[in-house]
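The values are calculated or read from the model by the stated rules, or taken from the named source; none is laboratory data. Since the model is a prediction, treat every value here as computed from it, not as a measurement. All Cβ positions, even for glycine, are placed from backbone atoms using ideal geometry, and neighbour counts span all protein chains on display.
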């Protein structure tokens, strides 16, 4: 079973609105990462948050991590058409020696 | 600076045929990985190589073999392809193993008939 589960599976919003995606995981982690995948392309790293961090910002991205609830959220503010993509969380579970990806959230930004 | 280069980009095989997917990097990272991506399944780790000369199984290694030819190259071989191996395969590299950012290739789309 997947370590990371994203919610929702699909999200469609208007350009300029904020988009929030959530990720839940099952075991203790060292860090959690978010990646973006444009259609037909490889994954691109967006941001990494360590288990001792609660919030991190990068440009229009804001990531939060709640280790007590084993969950993370990715907020994209002031969305643009170019943000249309699938977004994946990935967790580095302690002792697991692997980076496990969730199934992704498919985000569509409507002009 | 291409980063991670995968070949071929597309391949169609018949059941039972063999093939090798090639991955080469120019970022001088130690760790290299092969993932497969299937609809609704996310990415699943097939094999990885933490450093030159070592390889380890991931979540779904059955039906695959790998070779870490040198620090730059990591190949994935399907000895006898099956329709269940129809997928998009991604090679990734990392400097800090599983604790850091991974850089992905553009993918190899494989169809097994």
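Can you confirm whether residue B:81 is touching a strand residue (DSSP E or B) at 6+ places or on another chain (Cβ under 6 Å), under 23 Å from residue A:32 (Cβ atoms) and modelled with pLDDT of 95 or more? Steps first, answer last, please.
On the way: touching a strand residue (DSSP E or B) at 6+ places or on another chain (Cβ under 6 Å): yes; under 23 Å from residue A:32 (Cβ atoms): no; modelled with pLDDT of 95 or more: yes.
No; evaluated as a whole, the condition is false for this residue.
Among the numbered criteria (1) within 18 Å of residue A:13 (Cβ to Cβ); (2) at pLDDT 95 or above, which one does residue A:39 miss?
(2)
Has region A:51-60 got any residue that is under 24 Å from residue B:92 (Cα atoms) and crowded, with 21+ Cβ neighbours inside 10 Å? If you could, list the steps in order and put the result at the bottom.
Looking only at region A:51-60, we keep the residues that are under 24 Å from residue B:92 (Cα atoms), and these are A:51, A:58.
Those still in the list that are crowded, with 21+ Cβ neighbours inside 10 Å too: none.
The answer is no; no qualifying residue exists.
Given the residues A:99, A:107, A:75, which is the only one that is under 15 Å from the mean Cα position of the chain (by Cα), in contact (Cβ under 8 Å) with a residue 40 or more places away in the chain and within 14 Å of chain B (Cβ to nearest Cβ)? Quick ask: steps written out before the conclusion?
On the way: A:107 fails: within 14 Å of chain B (Cβ to nearest Cβ); A:75 fails: within 14 Å of chain B (Cβ to nearest Cβ).
It is A:99.
Residue A:25 - would you say it is closer than 16 Å to residue B:99 by Cβ and modelled with pLDDT of 90 or more?
For residue A:25, the condition - closer than 16 Å to residue B:99 by Cβ and modelled with pLDDT of 90 or more - is met.
With A:47, A:109 as the choices, which residue is closer than 26 Å to residue B:93 by Cα and surrounded by 15 or more Cβ atoms within 10 Å (Cβ to Cβ)? Outline the logic, then answer.
Numbers: A:109 fails: closer than 26 Å to residue B:93 by Cα.
The match here is A:47.
Do we find a residue being in contact with a helix residue (DSSP H, G or I) (Cβ under 7 Å, 6 or more places away or on another chain) and either touching a residue at least 12 places away in the same chain (Cβ under 8 Å) or surrounded by fewer than 19 Cβ atoms within 10 Å (Cβ to Cβ) (or both) anywhere in region B:5-20? First the steps, then the outcome.
We begin by selecting, within region B:5-20, every residue in contact with a helix residue (DSSP H, G or I) (Cβ under 7 Å, 6 or more places away or on another chain); these are B:15.
Still in the list and also either touching a residue at least 12 places away in the same chain (Cβ under 8 Å) or surrounded by fewer than 19 Cβ atoms within 10 Å (Cβ to Cβ) (or both): B:15.
Yes: region B:5-20 contains one or more residues that are in contact with a helix residue (DSSP H, G or I) (Cβ under 7 Å, 6 or more places away or on another chain) and either touching a residue at least 12 places away in the same chain (Cβ under 8 Å) or surrounded by fewer than 19 Cβ atoms within 10 Å (Cβ to Cβ) (or both).
Can you name the residue in region B:80-95 that is free of Cβ contacts under 8 Å to residues at least 60 places away in the same chain and within 16 Å of residue B:45 (Cβ to Cβ) and is also farthest from the other protein chains (Cβ to nearest Cβ) among such residues?
Within region B:80-95, the match that is farthest from the other protein chains (Cβ to nearest Cβ) is B:85.
All but one of (1) within 12 Å of the chain's Cα centre (by Cα); (2) within 25 Å of residue B:58 (Cα to Cα) hold for residue A:65; which doesn't?
All conditions are met except number (2).
Return the total of residues in region B:22-55 being assigned to a loop (DSSP other than H, G, I, E, B), at positive phi and within 13 Å of chain A (Cβ to nearest Cβ).
Taking region B:22-55 first, the residues assigned to a loop (DSSP other than H, G, I, E, B) are B:26-30, B:39-41, B:50-55.
Applying the additional criterion that residues be at positive phi yields B:28, B:40, B:53.
Of the ones still in play, those that are also within 13 Å of chain A (Cβ to nearest Cβ) are B:40.
Final tally of qualifying residues: 1.
Take region B:74-113 and flag every residue that is crowded, with 18+ Cβ neighbours inside 10 Å and touching a helix residue (DSSP H, G or I) at 6+ places or on another chain (Cβ under 8 Å).
Scanning region B:74-113 gives B:78, B:110, B:112.
If I ask for residues that are within 12 Å of the chain's Cα centre (by Cα) and not in a strand (DSSP E or B), which ones from region B:56-76 would you list?
B:58, B:60, B:61 - these are the residues of region B:56-76 that are within 12 Å of the chain's Cα centre (by Cα) and not in a strand (DSSP E or B).
Please find, within region B:98-113, the residue that is modelled with the lowest pLDDT out of those that are over 16 Å from residue B:4 (Cα atoms) and at the interface with chain A (Cβ under 8 Å from one of its Cβ atoms).
B:98
If we scan region B:23-40, do we find a residue that is within 22 Å of residue A:104 (Cβ to Cβ) and at pLDDT below 90?
So far as region B:23-40 goes, yes, one or more of its residues are within 22 Å of residue A:104 (Cβ to Cβ) and at pLDDT below 90.
Mind listing just one residue for me: the one in region B:1-15 that is touching a strand residue (DSSP E or B) at 6+ places or on another chain (Cβ under 9 Å), away from chain A (no Cβ under 14 Å) and not in a strand (DSSP E or B) and, of those, nearest to residue B:92 (Cα to Cα)?
If we take residues in region B:1-15 being touching a strand residue (DSSP E or B) at 6+ places or on another chain (Cβ under 9 Å), away from chain A (no Cβ under 14 Å) and not in a strand (DSSP E or B), then B:8 is nearest to residue B:92 (Cα to Cα).
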